[in-house]
Amino acid sequence: MLDDKQVNEKIEQTHKAWTSWRKTSHTERRDLLNKLAEILRSRKDELAFLITTEMGKPIKQSRVEVEKCAVCCSYYANHAESLLEDRLIETEASKSFVSFQPLGVVLAVMPWNFPFFQVFRFLAPTLAAGNCGVLKHASNVPGCALIIEEMVIQAGFPEHVFQTLLVGSSAVDKIIEHPKIIGVSLTGSTNAGISVASKAGAMLKKSVLELGGSDAYVVLADADLELAAEVCVTSRLINNGQSCIAAKRFVVEELVIEDFTRLFLEKMRLKVLGDPLQEATDIGPMARADLRDELHEQVLSSIAKGASCILGGEIPDGNHAYYPATILTNVKPGMPAYDEELFGPVAAIIAARDEADAINIANDSIFGLGSAVFTQDLEKGERIAATELQSGSSFVNAFVQSDARLPFGGVKTSGYGRELSGFGILEFVNIKTVYIK
């Protein structure tokens, strides 16, 4: 662990690196990001093993995560120049335009659940925009944090443009206070977001927050139920259920809830709980035993308040952090399964009288990260996704996922600001007016 003096030295080093990095050409940045993408792909198996051993993600999902990081690097390598191109605006001036200029060193505070991609979706646009970064990663994935810095150096980026700070959460406030830190991007819990946003606001520094979610997937009576059940199960179990944008609440019209629940149960039963290093495993251990125990308490509390557990709901014997695929039905307001985020492989099925009731239930949440709607009427699905569901992303007949080409972020207590796409790269640049008489 670094002490305050070592942290300050590293921040100063990164700021000094920025004074040169900000002047590099888009061509140079492109070549380096493409090289970083090549390294990620060439080391994919090694990196996937590290992810799985540090936080328990099934190995086949860890490989997908590494590939997604490479895609993100390639996207910004190939598109940053056009995304940051000056934009002419007609005024009375002989010339007036908007220029997008780098601001300096950005702090990233990142979680353990996607220990590579959470970092790279910050890192790639940050470097592509001419900024530099320092990372405070989750304490249970130090190997991931350090190897990302190693690969940045391996790719040929100038020394210190990106550095990992091995510190605890208590050090974050002081890092934000450092005069050479110009902003902070956090992915984490709502409480962590409140803390970071409060500190950043007090220092008049910008923050981008991607926080918790309790995504609602609305299944309408005219949905393809086989497809809906398959997609919903897949989404609920991503990363052992430990994903902010994993489906958590399944709001189903009463007319089809019996058939949907039967299909959902059939598919959930087939998922294999076991060693995450085995290819056949669908659900590995949760990241920590205390997180598993908190999830189990939410399940037990929901059952005590009237929910029915039709699958799972019991901790297997042994010293581990496993939790089985679990389904709760008859979920109502006032239960943890309805009101809170279930960060693990637990699904809550909620009955709705009709389409309007389903939309109201989906929006009856403090969260607003992602959502989905299942219907064979694509025009209706598009309308509901675009105008009815209160979330940062809304998908029709598909599970919510991030994509470097599309903006990602939430509303309500799921955060603010956007990552990825052209919107994400503009979060930490000076959107500068230039006016020539």
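The values are calculated or read from the model by the stated rules, or taken from the named source; none is laboratory data. Note that the structure is predicted; figures quoted are calculated from it, not measured. Methodologically, a virtual Cβ is constructed for each residue, glycine included, from the backbone with ideal geometry; neighbour enumeration extends over all protein chains shown. SASA here: full protein model, heavy atoms, side chains in, ligands and nucleic acids out. Shrake-Rupley method; radii C 1.70, N 1.55, O 1.52, S 1.80 Å.
Remark: the residue 423-residue 3 segment gains 147.7 nm on full extension, using 0.36 nm per residue and subtracting the alpha carbon distance.
To one decimal place, what Kirkwood hydrodynamic radius in Å is obtained for the stretch 1-77 from all pairs of distinct Cα atoms? The partial results should precede the final answer.
Numbers: mean 1/r = 0.0683 Å⁻¹.
Hydrodynamic radius (Kirkwood, Cα only) of the stretch 1-77 equals 14.6 Å.
Pairs of Cα atoms nearer than 8 Å and 6+ residues apart set the relative contact order; for the stretch 1-115 it is 26 percent.
Modelled spin-label separation between residue 67 and residue 28, with each label point placed 7 Å from Cα along the Cα-to-Cβ direction: 3.4 nm. Angle of helix 44-55 to the longest C-alpha principal axis of the chain, folded into 0 to 90 degrees and rounded to 10: 60°.
Grab the beta carbon distance between residue 146 and residue 301, set R0 = 51 Å, and tell me the FRET efficiency rounded to 0.05.
Details: r = 39 Å, r/R0 = 0.76.
About 0.85, to the nearest 0.05.
Measuring with a 1.4 angstrom probe and ignoring ligands and nucleic acids, residue 416 comes out at about 100 Å² accessible. For the stretch 258-274, 3J(HN,Hα) computed residue by residue from phi via the Karplus equation (6.51, -1.76, 1.60; θ = phi - 60°) reads 5, 5, 4, 4, 4, 5, 4, 5, 4, 6, 5, 4, 7, 6, 8, 9, x Hz, glycine and proline entered as x. Using the Cβ-Cβ distance between residue 317 and residue 87 with R0 set to 60 Å, the FRET efficiency works out to roughly 0.45.
Taking Cα pairs under 8 Å and at least six residues apart, what relative contact order does the stretch 119-225 come out at, in percent? It would help to have the intermediate numbers written out before the result.
Details: 93 pairs, mean separation 21.2, N = 107.
Here the relative contact order equals 20 percent.
The long axis of helix 190-202 is offset from the longest Cα principal axis of the chain by roughly 30 degrees.
The stretch 90-126 and the stretch 10-47 have Cα centres separated by 14 Å. Relative to the longest principal axis of the Cα atoms of the chain, helix 117-128 runs at roughly 30 degrees.
What is the sum of charges around residue 99, taking Lys and Arg as +1, Asp and Glu as -1, for the other residues whose C-beta is under 15 Å from the C-beta of residue 99?
Numbers: positive: 22, 23, 87, 95, 432; negative: 81, 85, 86.
Net of charged neighbours comes to +2.
Applying 0.36 nm per residue to the separation of residue 180 and residue 262 and subtracting their alpha-carbon distance, the gain on full extension is 23.9 nm.
Helical content of the chain, expressed as a calculated mean residue ellipticity at 222 nm, amounts to -13000 deg cm²/dmol (DSSP H runs of 4 or more residues, -39,500 (n - 2.57) each, divided by residue number, nearest 500).
Remark: for residue pairs 16/205; 305/380; 332/412; 23/95, the C-alpha separation exceeds 30 Å in 305/380.
How large, in percent, is the carbon and sulfur part of the accessible surface of the stretch 12-141 at a probe radius of 1.4 Å? Could you put the intermediate results ahead of the total?
On the way: 2530 of 4990 Å².
Taking all protein chains in place, the stretch 12-141 shows 51 percent carbon and sulfur surface.
Would you mind classifying the stretch 250-345 by shape? Square roots of the alpha carbon gyration tensor eigenvalues, ordered a ≥ b ≥ c; an a/c under 1.5 is rounded, otherwise it is prolate if a/b is larger than b/c and oblate if not. Cα axes put the stretch 250-345 in the oblate bin.
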